[in-house]
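The next block holds one structure in the form of structure tokens; read it before the comments.
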Amino acid sequence: GNWGYPAPSIEAVRDVPGDQGGFVNLAWLASRLDPWPANAISSYSVWRSISPKQAALALKSGGAMLSDLGDFASMAEKPLVRIEHASNRTFYWKLVSTVSASHLDGYSEIVPTLFDSTAVCGEYHYFQVIAHGNDPGLYWISAPDSGRSIDNLAPAPPAGLAGTARSIGQGVNLTWNRS
């Protein structure tokens, strides 16, 4: 009875400024079945792409494999991993958070990242949002989108800087407290 594919749509994945890295703000447009008059969405689950090794580690440390998204509501209290096959590739996704539907036009969530973007590492994190219907067997998966967190706060300046003159021609011995 629903025309088209009423999946949520990720609008932005942006660094949280001034946070010393480690987080992004993930914003998405709601499924068109969420706002009034439909009110047919119960929650949204936020997923971050992980490597096969990270998936194995998550499962080994007590996580559960979600093989059918229709079972999400009964398993959402556990750390979850799911596998998705697309374009002859296998993707691993780990549940980051669940947001209750409030029948809004859009949502956002501060999401932790696994690493920060630096001059050495410019990699992105990939995310998906899944709209879960009031009927557990109904769900709609967003297209993935990416972003990165940045450690954009300079370290504190060293305190207690002191210099002691050495012998002539030996220079100055500088000391300071650790930052």
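So which aspartates and glutamates can LYS53 reach, going by Cα to Cα under 18 Å and dropping same-chain residues fewer than 8 places off? Excluding near neighbours in sequence, the set is GLU84, GLU123.
Can you tell which of SER100, SER167, SER108 shows the greatest fluctuation in a Gaussian network model of the chain with Cα springs below 10 Å? Between SER100, SER167, SER108, it is SER167 that shows the largest mean-square fluctuation.
Would you compute the Debye intensity of region 16-59 from its alpha-carbon atoms alone, equal scatterers and no solvent, and pass along log10 I(q)/I(0) at q = 0.18, 0.21 Å⁻¹ to two decimals? Summing over Cα pairs of region 16-59 leads to -0.81, -0.86.
Look at the dipole of region 97-166 built from charges on Cβ: of VAL129, TYR107, ALA162, the Cα furthest out on the positive end belongs to ALA162.
Taking only the Cα atoms of region 75-146, the radius of gyration and Dmax are 14.4, 46 Å. At the residue level, ILE41 shows approximately 0 square angstrom of accessible surface with a 1.4 angstrom probe and all protein chains present. Between PHE115 and TYR5, the C-beta separation translates, for a Förster distance of 35 Å, into a calculated FRET efficiency of about 0.60. Across the accessible surface of region 124-165, with the other protein chains kept in place and a 1.4 Å probe, carbon and sulfur atoms take up 60 percent. Run the 1.4 Å probe and let me know the accessible area of LYS94, rounded to the nearest 10 Å². So the heavy atoms of LYS94 present about 60 Å² to solvent. When the chain is treated as a GNM, springs tying every alpha-carbon pair under 10 Å, which of GLU77, GLU11, GLU109 comes out with the largest mean-square fluctuation? Of the options given, GLU77 has the highest mean-square fluctuation. Orientation-averaged projection of the chain equals 15.4 nm² [convex hull of Cα atoms, one quarter of hull surface area]. The ratio of the alpha-carbon radius of gyration of region 130-179 to the globular-protein estimate 2.2 N^0.38 Å is 2.89. Looking at the chain, the accessible area is 60 square angstrom per residue; that uses a 1.4 Å probe and ignores ligands, DNA and RNA.
For ASP105, ASP151, what's the largest-to-smallest order of accessible area, 1.4 Å probe?
Numbers: ASP105 120, ASP151 75 Å².
Correct descending sequence by accessible area is ASP105, ASP151.
When a 1.4 Å probe is rolled over the protein heavy atoms, the share of accessible surface on region 32-111 that falls to carbon and sulfur comes to 52 percent. For GLN20, the residues 5 or more places off, or on other chains, whose built amide H falls under 5 Å of its own are ASN152, LEU153.
Computed over Cα pairs, the Kirkwood radius of region 33-101 leads via Stokes-Einstein (1.306 mPa s, 10 °C) to a diffusion coefficient of 121 µm² per second.
The values are calculated or read from the model by the stated rules, or taken from the named source; none is laboratory data. Note that the structure is a prediction, hence the values are computed from the model and not measured. So basically every Cβ, Gly included, is an ideal-geometry build from the backbone, and we count neighbours across all protein chains shown. Surface accessibility is based on the protein's heavy atoms, side chains included, excluding ligands, DNA and RNA. Shrake-Rupley method; radii C 1.70, N 1.55, O 1.52, S 1.80 Å.
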